[in-house]
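*Asks:* Take a look at the following structure, please.
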Amino acid sequence: VALLVLWFGGILFMWSIAHPRWHQVLTYGFTQLFGGRAACIAYGTQIELAPALNVFLASYVDAYTVFVLYPLLVFGYRHVSERPFFQKHMKPVFESARTSLPRVAKYKVAGVFAFVWFPFWMTGVVVGAVLGFLLGLKTWVNMGVVVLGTTSAALCWVLLYDRLYAWLGDIDPRIPMAFTVLVIVSLILLQARASRRRRAATQGE
């Protein structure tokens with residue numbers, strides 16, 4: 001919660017001093033929330049954030065997201081698993097994690113790291129953290145592995161996008177902007193579709 005407050009406090013401070021990037025940082029956070037890591041890093045590359053800052057911001061947003069949601073999910077799993085709210089909003093996250101459980105169970109920590117890190121999986125840190133919980137990892141180990149995994153994934157995405165955008169910009173300066181919009185919209189739609197499928201599957205049980 002402190003990380004989340006610090007994030008919005010920083011944006012408010014930037015706004016109060018009329019920093020030219022305050023709205024971009026705000027957009028960055030919401031892009032990651034709705035589109036995921038790949039979408040926000042594409043946006044960060046498009047607005048020409050320094051690679052190190054792009055990695056830091058993506059990892060930071062993932063960190064406060066999982067730190068806030070993970071305890072709520074675990075509490076719901078242990079105490080209110082039969083309530084309608086849990087069944088509708090939380091159970092799909094656990095079901096998504098369970099589908100990957102057989103693939104990573106024997107690897108434990110390494111499996112959770114790979115699950116969160118692999119840049120082309122639509123997994124996310126929250127599902128990765130729940131996977132670690134189902135594997136019985138201690139909380140501090142689970143959170144550490146998840147943060148390390150998402151930081152490593154962010155670094156891979158930044159390196160990939162830097163090269164890709166440089167190549168696209170050489171073809172036509174307008175292409176990177178169009179590509180960014182396409183990536184963000186596509187990933188938001190894919191996540192929304194996956195979320196609807198998980199909820200439909202949960203309601204059908």
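The values are calculated or read from the model by the stated rules, or taken from the named source; none is laboratory data. Keep in mind that what you see is a predicted model, and the values were worked out from it rather than measured. Positions of Cβ are backbone-derived with ideal geometry, glycine not excepted, and every protein chain shown enters the neighbour counts. These accessible areas exclude ligands, DNA and RNA; they are computed on the full protein's heavy atoms, side chains included. Shrake-Rupley method; radii C 1.70, N 1.55, O 1.52, S 1.80 Å.
*Asks:* Test each condition in (1) over 21 Å from Gly36 (Cβ atoms); (2) part of a helix (DSSP H, G or I); (3) open to solvent by 20 Å² or more (accessible area, probe 1.4 Å); (4) not acidic (Asp, Glu) for Leu72 and report the one that comes out false.
*Replies:* Evaluating Leu72 over (1) over 21 Å from Gly36 (Cβ atoms); (2) part of a helix (DSSP H, G or I); (3) open to solvent by 20 Å² or more (accessible area, probe 1.4 Å); (4) not acidic (Asp, Glu) leaves (1) as the failure.
*Asks:* Taking the conditions exactly as written (open to solvent by 50 Å² or more (accessible area, probe 1.4 Å), in a helix (DSSP H, G or I) and closer than 16 Å to Arg37 by Cβ), does Leu148 satisfy them or not?
*Replies:* Judged against the criteria, Leu148 is a match.
*Asks:* Within the stretch 90-111, how many residues turn out to be in contact (Cβ under 8 Å) with a residue 24 or more places away in the chain and in a helix (DSSP H, G or I)?
*Replies:* Of the residues in the stretch 90-111, 13 are in contact (Cβ under 8 Å) with a residue 24 or more places away in the chain and in a helix (DSSP H, G or I).
*Asks:* Looking at Gly136, Gly128, can you tell me which residue is buried (at least 22 other Cβ atoms within 10 Å of the Cβ) and of a type in the set (Gly, Ala, Ser)?
*Replies:* Answer to the selection: Gly128.
*Asks:* Can you tell me which residues in the stretch 75-89 are part of a helix (DSSP H, G or I) and more than 26 Å from Leu3 (Cβ to Cβ)?
*Replies:* Pro84, Gln87, Lys88
*Asks:* Would you mind stating whether Leu160 is open to solvent by 30 Å² or more (accessible area, probe 1.4 Å), in contact (Cβ under 8 Å) with a residue 40 or more places away in the chain and aliphatic (A, V, I, L, M)?
*Replies:* yes
*Asks:* Okay, next question. Give the residue that is most open to solvent (accessible area, probe 1.4 Å), with candidates limited to residues of the stretch 18-39 that are farther than 11 Å from Val61 by Cβ and polar (S, T, N, Q).
*Replies:* Thr27
*Asks:* Hey, another quick one. Inside the stretch 104-125, can you point out the residues that are open to solvent by 30 Å² or more (accessible area, probe 1.4 Å), at pLDDT 85 or above and aromatic (Phe, Trp, Tyr)?
*Replies:* Tyr107, Phe113, Trp117
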